[in-house]
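Working notes, beginning with the structure itself.
Taken together, the values in this text are just the output of simple stated rules run on the coordinates, not laboratory data. Quantities reported herein were computed from a predicted structural model and do not represent experimental measurements. So basically every Cβ, Gly included, is an ideal-geometry build from the backbone, and we count neighbours across all protein chains shown.
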Amino acid sequence: MRRTLNLQTNKSMKNNLVKSFLVVVFSMSFLSSYGQCEEKIKDFYITYMQNSEKNEGANVELMKNHMSPKLIAKLANYTKQYDADAVIHAQDVSKYGMESLIVVPSGKDNRYLVKYKWAPESNYTSIPVRAIITNGKLTFLDISPIDTHTDR
């Protein structure tokens with residue numbers, strides 16, 4: 001009886017140890033991916049803005065690497081319609097815009113808000129986007145039209 005109790009106790013301890021280990025591994029995985037999409041979106045936007053100043057042609061390849069042809073066409077239509085770059089919701093960029101750029105989660109469904117200011121005293125330009133990371137690669141699912149942004 002005592003031996004059976006010891007075996008059950010040892011088995012229970014092993015199960016608890018395995019469960020604890022799995023919780024730790026899962027937590028570490030979650031924490032390492034937390035913020036990863038926001039950081040990749042920010043990197044994309046900084047690169048896009050830098051290209052807009054120096055080499056707009058490079059943005060064509062950047063978009064091809066991170067967007068579907070359908071989204072690229074949609075953004076091209078918005079750009080024509082609003083006479084402003086639909087990716088950045090502006091006609092041009094400023095150095096301060098790149099310095100002030102932040103990306104914040106915006107609810108569920110892989111939604112984020114890209115925000116930047118033209119100058120310190122200006123309101124934020126806010127760009128709603130949907131994006132995911134698959135196999136370490138950022139993919140934009142949508143960038144909302146210019147007329148849907150809010151300045152906050």
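Relative to the current alpha-carbon distance between Ala119 and Gln36, full extension at 0.36 nm per residue lengthens the span by 27.2 nm. For Lys137, a cut-off of 16 angstrom between C-alpha atoms picks up these aspartates and glutamates, skipping any fewer than 8 places away in its own chain: Glu38, Glu39, Asp43, Glu61.
Sorting the segments 74-80, 124-130, 45-51, 55-61 by their mean number of nearby beta carbons within 10 angstrom, highest to lowest, gives 124-130, 45-51, 74-80, 55-61.
If r is the Cβ-Cβ distance from Val104 to Leu141 and R0 is 25 Å, what FRET efficiency results, to the nearest 0.05? For R0 = 25 Å, the calculated efficiency reads 0.90.
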